[in-house]
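FYI, it's all coordinate maths here, none of it is from the lab. What you see is a predicted model, and the numbers here were worked out from it, not measured in a lab. Cβ placement follows ideal geometry from the backbone for every residue including glycine, while neighbour counts extend to all protein chains displayed.
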Amino acid sequence: MKKVLISTILLVILIPILCFGVRDPLRDGASQNLDEVIEKILSWLFPIALVVAVLMILIGAFMLVTGGASPDMVNKGKKTIIYALIGLSIVIISKGILELVRVILGIN
């Protein structure tokens, strides 16, 4: 039941994004170097990662609220929130790492 609910929520959130808001990052102009390709891929994945991270935080919070009597459910909710925050921080840091590499190599 939980898998069906999570799948349904993901589909409801991601279908409009995939159908209307996201372009193909590699076909939008001819990319000449690796820097441009990575930038386009990150700009395409960043909104999706934000939506998924917020959704996972909400699911973890729901587990925390509903699993009051079950320590396993509370721990699972905490881990879900922690892993979602770790994933979100990795996505945010990836943009910073790309900028740092640009500065070090003198690109733009």
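Numbers below:
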read-out: Checklist (1) within 22 Å of Ser7 (Cα to Cα); (2) in contact with an Asp or Glu (Cβ under 7 Å, 6 or more places away or on another chain) applied to Leu98, failing item; value: (1)
read-out: Those residues of segment 67-79 which are touching a helix residue (DSSP H, G or I) at 6+ places or on another chain (Cβ under 8 Å) and either among the hydrophobic types (A, V, I, L, M, F, W, C) or under 15 Å from Ala49 (Cα atoms) (or both), in sequence order; value: Met73, Val74
read-out: Residues of segment 54-96 that turn out to be surrounded by 13 or more Cβ atoms within 10 Å (Cβ to Cβ) and either within 12 Å of the chain's Cα centre (by Cα) or closer than 23 Å to Glu39 by Cβ (or both), as a count; value: 13
read-out: Matching residues, segment 97-108, being touching a residue at least 12 places away in the same chain (Cβ under 8 Å) and under 18 Å from the mean Cα position of the chain (by Cα); value: Leu98
